[in-house]
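Below is one structure; the comments refer to it alone.
The values are calculated or read from the model by the stated rules, or taken from the named source; none is laboratory data. Just so you know, these numbers come straight off a predicted model, no measurement behind them. Every residue, glycine among them, receives a Cβ derived from its backbone with ideal geometry; neighbour counts consider all protein chains shown.
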Amino acid sequence: MKSIHTCLTALTFLSFIFSGCLVTPVQQSGGIGSVTVTNSNPSAIINAAQGVFPNYGYSPSTTHFPTSVSFDKDADRFARAMWGSYGVPQTIRVKIQIIPIPGGNDYRIIPKVFTISNEGEAGFESKRPLAGLWNSEFAPLLKQVATEASGAGTQ
């Protein structure tokens, strides 16, 4: 009887956990490091990002789409040791995805971080996504972007 009670308690607990995961508001979704930009547009967000990221040593990447922008930075010694091979240069690339939140002019900006080996070398460049915790490092920068781009209104 005690094992049935324990099993029912565990199932009840798990149902609360899983139901909480399914009701996360859109404004708070997007994963680690993501930020909401209120009353803005993609152009204002991209312009703000292009003003913020160079202050931290990042340069605009060649990868741009209407709903994303990317920045590159030469990797430090740690990144070269982790992912480099025989002196192969490493670059850290952060891609910022711009996702509209339904029902208004708000957007969710989501960082995706990659390490790039042999950047720009045709046929030799390789891109590896980094774990989600790397995305959290960009939350302070994205908060600055959100502060600058919020209130820009529609295009």
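Taken residue by residue, segment 115-134 has no member that is surrounded by 13 or more Cβ atoms within 10 Å (Cβ to Cβ), at pLDDT 85 or above and either in a helix (DSSP H, G or I) or not hydroxyl-bearing (Ser, Thr, Tyr) (or both). Selection of first residues in segment 50-67 that are farther than 20 Å from residue 127 by Cα and of second residues that are of a type in the set (Phe, Trp, Tyr) and exposed (fewer than 12 other Cβ atoms within 10 Å of the Cβ), restricted to Cβ pairs under 8 Å at least 6 apart or on distinct chains, gives an empty result.
Considering (1) in a helix (DSSP H, G or I); (2) at pLDDT below 95; (3) not hydrophobic (A, V, I, L, M, F, W, C), the lone condition that residue 143 does not fulfil carries the number (2). Can you confirm whether segment 35-50 contains a residue that is in a helix (DSSP H, G or I), under 15 Å from the mean Cα position of the chain (by Cα) and at pLDDT below 70? Checked segment 35-50: no residue is in a helix (DSSP H, G or I), under 15 Å from the mean Cα position of the chain (by Cα) and at pLDDT below 70.
So which residues in segment 63-98 are touching a helix residue (DSSP H, G or I) at 6+ places or on another chain (Cβ under 7 Å), farther than 22 Å from residue 155 by Cβ and at pLDDT 90 or above, if there are any at all? Once the filter is applied, which keeps residues that are touching a helix residue (DSSP H, G or I) at 6+ places or on another chain (Cβ under 7 Å), farther than 22 Å from residue 155 by Cβ and at pLDDT 90 or above, segment 63-98 yields only 71.
Taking residue 101, is it closer than 15 Å to residue 138 by Cα and at pLDDT 65 or above? The answer is no for residue 101.
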